[in-house]
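Working notes, beginning with the structure itself.
Derivation of every value follows stated rules applied to the coordinates shown; laboratory data play no part. Remember, it's a predicted structure, so these values are computed and weren't measured experimentally. Don't worry about glycine lacking a Cβ; one is built from the backbone with ideal geometry, like all the others, and counts go over all protein chains shown.
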Amino acid sequence: MLITYCDSKNFVNFLLIILLINISDAFGYAASSDKERCEEINIPMCRGIGYNYTSMPNQFHHDTQEEAGLEGKIKINLYTIKIMNLYLN
């Protein structure tokens, strides 16, 4: 089956979300710090994934949603490049 660029990008995003969910489950992260704060999700790529709020700092030690969003964008781009190289080679 031939996967187009658009399909592979969506697939990479899906894999990244699944990976992050599995990592957080594996570490058994529980929000317990008195410094954590509940916030409405404001990063566009994180909206519409089944919940509307998050707590910061998160299990990856991001202090802000902006910091988490930037790291997410970087990882998505790296995974997209890696997968595209697999299809092109």
Where only C-alpha atoms are counted, convex hull volume of segment 34-89 per residue in Å³: 92 Å³
Spin-label pair ARG37/THR64, simplified geometry with 7 Å Cα→Cβ offset, distance in nm: 1.1 nm
